[in-house]
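S.K.: This is the structure, below, for whatever I ask next.
The values are calculated or read from the model by the stated rules, or taken from the named source; none is laboratory data. Since the model is a prediction, treat every value here as computed from it, not as a measurement. Every residue, glycine among them, receives a Cβ derived from its backbone with ideal geometry; neighbour counts consider all protein chains shown.
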């Protein structure tokens, strides 16, 4: 199989490419190496990948027709679309770029697939589409028409656009709602990586609210397993939650991360941030039944593996 992976140099993208190559697929990566975070980290992510003859990389943006011309110049069997402007809080300040990349960029990609008659599309959505729901766990059939951040709205828009292309053009779609992914190579602005950096520097960590907000933290290996399974079983139009199906409070997460790193966290209290939700918690029954999805990395083991990578790489 020859697969186009957008966002190939990112956190989830680079792990996905590794897994595809490991099982024998050929991969074409597309990434613009933008400055949302240090591009040098993304180049480190793909440094070993570019040595594989079955991997080729295009440096370009999904909103650039020239990059898409290059990406679709040769036959492809499927597209895994991971490229996006990410993050809830930054989207409140720059909703324009989120709409441009996450909505228009996804539309342009779908159009290229239609013209090239490529019929398998794996789309990275987000648990943020569930909005401020407090009834848990979240099920794929829950209403998601009240997103509380521009980022969440653009991910919902991507799901809707891909359904339209399924309905009109027969595109097979797996839309994956990721639940707070973490692990080695996590983006530096994400909570676990950011907290780790602050801890080793001796800086205080903001504890938003009373520490009771909770997330379903999903280890990267478990996410990648779900991505590949959804690619192999991409038939019709399906939405899947990919999470661990467990929750961890913010205050507990910080304490566990400190133990994994061997550091005593320093804390200060701060108000809840706009766009934040009180809890995320995935019902993964559908993914288990249809994809054979079986997450196996509990939070303590996952944090230990993250901490080992963090110390080994000297990421600060």
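S.K.: Considering (1) within 21 Å of the chain's Cα centre (by Cα); (2) surrounded by 18 or more Cβ atoms within 10 Å (Cβ to Cβ); (3) in a loop (DSSP other than H, G, I, E, B), say which one residue 230 fails and leave the rest.
M.R.: Against the list (1) within 21 Å of the chain's Cα centre (by Cα); (2) surrounded by 18 or more Cβ atoms within 10 Å (Cβ to Cβ); (3) in a loop (DSSP other than H, G, I, E, B), residue 230 comes up short only on (3).
S.K.: Something else now. If you check residue 284 against the conditions, is it touching a helix residue (DSSP H, G or I) at 6+ places or on another chain (Cβ under 8 Å) and either surrounded by 22 or more Cβ atoms within 10 Å (Cβ to Cβ) or modelled with pLDDT of 95 or more (or both)?
M.R.: no
S.K.: Among the residues of the stretch 303-316, is any under 27 Å from residue 3 (Cα atoms) and buried (at least 16 other Cβ atoms within 10 Å of the Cβ)?
M.R.: no
S.K.: Inside the stretch 287-296, can you point out the residues that are touching a residue at least 40 places away in the same chain (Cβ under 8 Å) and surrounded by fewer than 20 Cβ atoms within 10 Å (Cβ to Cβ)?
M.R.: 290, 292, 294, 296
S.K.: Okay, next question. Let me spell it out: the conditions are (1) within 24 Å of residue 21 (Cα to Cα); (2) crowded, with 22+ Cβ neighbours inside 10 Å, and residue 152 meets all of them except one. Which number is the exception?
M.R.: The failed condition is (1).
S.K.: Would you point out which residue out of 40, 19, 47 is touching a residue at least 12 places away in the same chain (Cβ under 8 Å) and either closer than 29 Å to residue 117 by Cα or surrounded by fewer than 16 Cβ atoms within 10 Å (Cβ to Cβ) (or both)?
M.R.: Just one listed residue meets the conditions, 19.
S.K.: Just checking: which of the helices (runs of 4 or more DSSP H) contained wholly in the stretch 75-142 hold 1 or more residues that are out of contact with any helix residue (DSSP H, G or I) (no Cβ under 8 Å at 6 or more places or on another chain), touching a residue at least 60 places away in the same chain (Cβ under 8 Å) and under 28 Å from residue 279 (Cβ atoms)?
M.R.: On the way: elements: 88-93, 95-98, 105-116.
Helices (runs of 4 or more DSSP H) meeting the threshold: 88-93.
S.K.: For the condition modelled with pLDDT under 95 and either part of a loop (DSSP other than H, G, I, E, B) or buried (at least 18 other Cβ atoms within 10 Å of the Cβ) (or both), what is the one hit in 276, 222?
M.R.: 276
S.K.: Can you name the condition, by its number, that residue 158 falls short on among (1) more than 19 Å from residue 284 (Cα to Cα); (2) surrounded by fewer than 19 Cβ atoms within 10 Å (Cβ to Cβ)?
M.R.: (2)
S.K.: Next up: Could you count how many residues in the stretch 233-247 are under 22 Å from residue 279 (Cβ atoms) and surrounded by fewer than 20 Cβ atoms within 10 Å (Cβ to Cβ)?
M.R.: Of the residues in that region, 2 qualify.
S.K.: Take the conditions buried (at least 18 other Cβ atoms within 10 Å of the Cβ), in a strand (DSSP E or B) and in contact with a strand residue (DSSP E or B) (Cβ under 7 Å, 6 or more places away or on another chain) and apply them to residue 27. Does it pass?
M.R.: yes
S.K.: Let me ask something additional. Please go through the stretch 143-158 and pick out each residue that is within 23 Å of residue 244 (Cβ to Cβ), free of Cβ contacts under 8 Å to residues at least 40 places away in the same chain and over 15 Å from the mean Cα position of the chain (by Cα).
M.R.: Passing the criteria: 144, 147.
S.K.: Can you work out which of the residues in the stretch 30-49 that are within 26 Å of residue 229 (Cβ to Cβ) and part of a helix (DSSP H, G or I) is farthest from the chain's Cα centre (by Cα)?
M.R.: Among them, the one singled out is 49.
S.K.: Residue by residue through the stretch 251-284, note down the ones that are without any contact (Cβ under 8 Å) to a residue 60 or more places away in the chain, under 25 Å from residue 226 (Cβ atoms) and over 20 Å from the mean Cα position of the chain (by Cα).
M.R.: Hits for the stretch 251-284 are 252, 256, 260.
S.K.: Which residue out of 80, 62, 97, 12 is within 24 Å of residue 151 (Cα to Cα), more than 16 Å from the chain's Cα centre (by Cα) and surrounded by 23 or more Cβ atoms within 10 Å (Cβ to Cβ)?
M.R.: Every option except 62 fails the conditions.
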